[in-house]
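Readers should treat all values here as calculations from the given coordinates under stated rules, not as data from a laboratory. Just so we're clear, the structure is a prediction, and the values are computed from it rather than from any experiment. Glycine gets a Cβ as well: all are built from the backbone with ideal geometry, and neighbour counts include every protein chain shown.
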Amino acid sequence: MQGDDMDMPDTPPSRNGASPTSSPEPIQRRRIPPSPPRNLPERPKELHYRQKLILRGHRGGVSCVKFSPNGRWIASCSADATIKIWDALTGNHEHTLEGHLAGINTISWSPDSRILASGSDDKTIRLWHVSTGKPHPTPFLGHHNTIFSLAISPHGNILVSGSYDEAVFLWDIRSAHPMRSLPAHSDPVGGVDFIRDGTLIVSCSSDGLIRIWDTATGQCLRTIVHEDNPAVTSVRFSPNGKFICAWTLDGAIRLWEYGVGRCVKTYQGHVNKKYSLSGAFGTYSAMSSPPEVRREEDDAMDTEVEGLENVTPIARQSSPSTHKYAFIASGSEDGAIVLWDVSSKEILQRAEGHDGVVLAVDTHPTEPWIVSGGIDRTVRVWRLESSPPGGSEKGKEDIVEKHDVDMVDGIKMEE
Amino acid sequence: MNLSLVDPFILAQDCPDTLTGRLRSGHATSIRFSHRGDLLASGRLDGTVVIFDIETNGIARKLRGHTRQVQSLSWSADDRYLLSASQDWKCVLWDLQDGSRIRTVRFEAPPFIAELHPKNHLLFVVALFEEQPMLVDITDENPIKHTLPSAPRRTQAEKDNATEKQAAQDAKQTSTVTAFTPSGDHIVAGTNKGWLNIIETASRQTMYSVRLTPNIVILIRLTAAGRDMVVNSSDRIIRTVPLPDLTDPNIDFENMRLEVEHKFQDLVNRLSWNHVSFSSTGEYVTASTWMNHDIYVWERGHGSLVKILEGPKEELGAVEWHPHRPFVCAVGVDSGRVYLWSIQTPQRWSALAPDFVEVEENVEYVEKEDEFDIQPIEEIHKRRLEDEDEDVDVLTIEPIKGVAPAQAALEAEGAFRMPVLLDIENSDSEDEVVAIGTGQFRRKSPATGREWMNEEVVGSGDDRKTATTNGTGRPNGTKRRRGE
């Protein structure tokens, strides 16, 4: 990916470049045929993710959920100052990570799925050994306020954090020392993310700016701002690293081509006025059929008994000829999970289930699974079905509710 | 992926200019970049090998096993294995997956330099002090050592006319430096009489010899492409020599002639050079100077001195150039610190404010026809959304342009990456200073963390035999290779 876009204009757009009437002629951008050849089955107009697991146990709103990069686990963090690790396939509760003194806002997995980083209202970042459930002894101290967002670099050696203190910190994960602090924003930093090769960092803030930083030098390379200047609460790089997806409090998600600083898509249809929602990119194809999914689940069951070292990616691509389309999944303040097709901006599905705001949504690295966490203290796992549910009665039947150990033993019941 | 956003003017610069950082862990003596360029291995005076992470400037791993100064380091092609040669007369092959010692090979003399075969990490070549160099096969637990010749290749006529004196001299030659060509098919060796031998790896025969210098050859480095060689000799001259394509199966060693392309020297100060290296492309040659604080950088096009890197107030030893960035590392001889030079990029202010553009000169602004027309907000919003009709591809990962295939293979998914260890700093009991709080440091007691020294040395049977004879004697003379 290095070296491309060199032919693009290097300068940011002029003052009024974003206004529709004065915008320059659209640059020819269709180097890759974006739509599939005609002989492929038509792109599905809707998706049918169904609620399969409800994971209960958190005693506060669930602020962030993440699938592990190897696909085996779900980590969820909550305002109750705990993190819970669940088995992504069965929904069994594996560990509860306790140690933070205040609510946890954000979590991030290391690329090898062995370590989980968490950022909390107690101004610290902690690392956790997932296999043992034990915290790493040294917390990351340096931020002066609540930590809102963090991300681990693809090489697993750098951690970036964004905080209410308006700074972005880069940390050496091995030594837990800050490497660099970026004088990032003039308002709390809501989201940070690494690009897939780790050379760029994106940060966003409620001052309405999205800034792109060079990881190696710590310099700001680009600033993106929408004309209306809405507060940006969350950002994510696209899987190929060419776009940035940004959640704003004007009820929109925007896709930016950051190389030229241009908004290419605006996704609307969810409610987002108050909360810092987050979401993820996912893929779908016209050929996904349930039997196939079922079989892959069985494979996963087999690998589950082996040690962590031997786990292979659960799913292989079902067929090389399958054309993949991309969707964006996000929570909504009306309790739904909304999926948009990236190119057409059409809503593919509104998945209802949560009671109240859905704060976090993440997609499985290989399977057509989605996990969500909401203010209703639950974590829910959704899986793709080939057709819409026949009757509402049947639909309800196969939802499995799982509780963490505390709940089952009845030692600490939910108040 | 940051390149599309970086100032092209900065990208065009290919020679570092400013001291930008320093790394420290014990007293480093030798350094070597990994092929991917994200790690720097450093061998210390106390025998420990420290792996630095260049992205964080932190310590990524420590490898303990040698008891004396580390002479040289060599990475395998996939950056998983590291070969270290030490003055404790041993070479160790490390697996960076878990930091274990795969093989330990003991020699009957201290090694000058050991280098792994570029395609086989279980084969290496080593130049030994006052011994013949060896090609060592460590496929098996018991290493197989093949002695390589150091005597120059003589034609039949020369052999017939050879005097007894000359034959004796030839026999007395030893190689002071050995290096593989990038294909691994040949070994380039330099001798203590200034000869350069090209030895075929498979047959272990000298194919070609030439006398480049009247003095000792101190160091030979080849570019990644293998078509250029830089030779440091104790006659205070650095020579660059273009090599023919040694991978060509029809190469004619009989009629081959190696010509010196450039001779770099300082005629005024008569400086001698500690260590030399090529830049990533071979365009530049860098050298650290004896009894001097500077690093000289020559470009090879015209053979001119282009830069002198300054900064540290001490003599510099080993100097290394990053495999693909304008980035130079050098080791301070007195302090053992690793100094880093690179390009300092100024912050572009236009990057901070999207409304601003940096222009060369005043630009007259031409207002567009409808630029300040007042339109209903809803109308603008609607039109804006309608304009977003293009297809976007957020999934396809475009291949990296302008990157060598070998480099791309290292960056590919599934390529080996050293695991990130969290407790490096805490286990770092050999560093003399430990942090006990913000800004507070204290010295550590010297005895802690030396338990590994009592470990039994893993080695082959014949290695054990020699262990008794060389276990006590400190190898002498190995450090003095630059003087003469």
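Which stretch or stretches of segment B:263-301 have amide N atoms under 11 Å from the point lying 7 Å from B:Lys313's Cα along the Cα→Cβ direction? Those under the cut-off are none; the list is empty.
Using the average count of surrounding beta-carbon atoms within 10 Å as a protection proxy, the listed peptides A:271-279, A:363-371, A:221-229, A:130-138 rank, highest first, as A:363-371, A:271-279, A:221-229, A:130-138.
Put simply, the amide H of B:Val333, placed in the peptide plane, has neighbours under 5 Å in B:Glu315, B:Leu316, B:Gly317, leaving out anything fewer than 5 places away on its chain.
Averaged over the residues of peptide A:258-266, the number of Cβ atoms from other protein chains lying within 10 Å of each residue's Cβ is 3.
Projected label points at B:Glu411 and B:Phe356, each 7 Å from Cα along the beta carbon direction, are separated by 3.1 nanometres. Taking the number of Cβ atoms within 10 Å of each Cβ as an exposure proxy, the fewest-first ranking of A:Ile210, A:Ile115 is A:Ile115, A:Ile210.
Here r is the Cβ-Cβ distance between B:Arg154 and B:Thr18 and R0 is 60 Å; the resulting FRET efficiency, rounded to 0.05, is 0.75. Peptide A:219-226 is shielded by partner chain Cβ atoms: per residue, an average of 6 of them sit within 10 Å of its Cβ. Under the simplified labelling scheme, the A:Glu401-B:Arg227 pair shows an inter-label distance of 7.2 nm, with each label point 7 Å from Cα along Cα→Cβ. 3J(HN,Hα) along segment A:168-177, derived from phi through the Karplus expression 6.51 cos²θ - 1.76 cosθ + 1.60 where θ = phi - 60°, amounts to 10, 10, 10, 10, 7, 4, 5, 9, 6, 9 Hz, with x in place of Gly and Pro.
Between B:Asp245 and B:Leu45, what length in nm is gained on full extension when 0.36 nm per residue of separation is reduced by their alpha carbon distance?
The B:Asp245-B:Leu45 span can extend by a further 68.2 nm.
For B:Trp273, nonlocal amide neighbours, meaning residues 5 or more places apart or on other chains whose placed amide H falls under 5 Å from its own, are B:Arg236, B:Trp290. Subtracting the Cα-Cα distance of B:Val268 and B:Val363 from 0.36 nm times their residue separation leaves 29.1 nm of extension gain.
Residue ranges A:157-170, B:322-335 sort as A:157-170, B:322-335 when ordered by packing (mean number of other C-beta atoms within 10 Å per residue, highest first). Using the Cβ-Cβ distance between B:Ala168 and B:Ala202 with R0 = 30 Å, the FRET efficiency computed as 1/(1 + (r/R0)^6) comes to roughly 0.50.
For A:Gln219, the amide hydrogen comes within under 5 Å of the amide hydrogens of A:Asp214, counting only partners 5 or more places away or on other chains and with H modelled in the peptide plane. Pairs exceeding 24 Å between alpha-carbon atoms, taken from A:Lys84/A:Lys242; A:Lys273/B:Lys368; A:Lys52/A:Lys274; B:Lys119/B:Lys263; A:Lys66/A:Lys134: A:Lys84/A:Lys242; A:Lys273/B:Lys368; A:Lys52/A:Lys274; B:Lys119/B:Lys263.
Using a ≥ b ≥ c from the Cα gyration tensor of segment B:206-362 (square roots of the eigenvalues), is it rounded, prolate or oblate, where a/c under 1.5 gives rounded and otherwise the larger of a/b and b/c decides, a/b for prolate? The shape class here is oblate.
The mean count of C-beta atoms from other chains within 10 Å of the C-beta of residues in A:155-168, rounded to a whole number, is 2.
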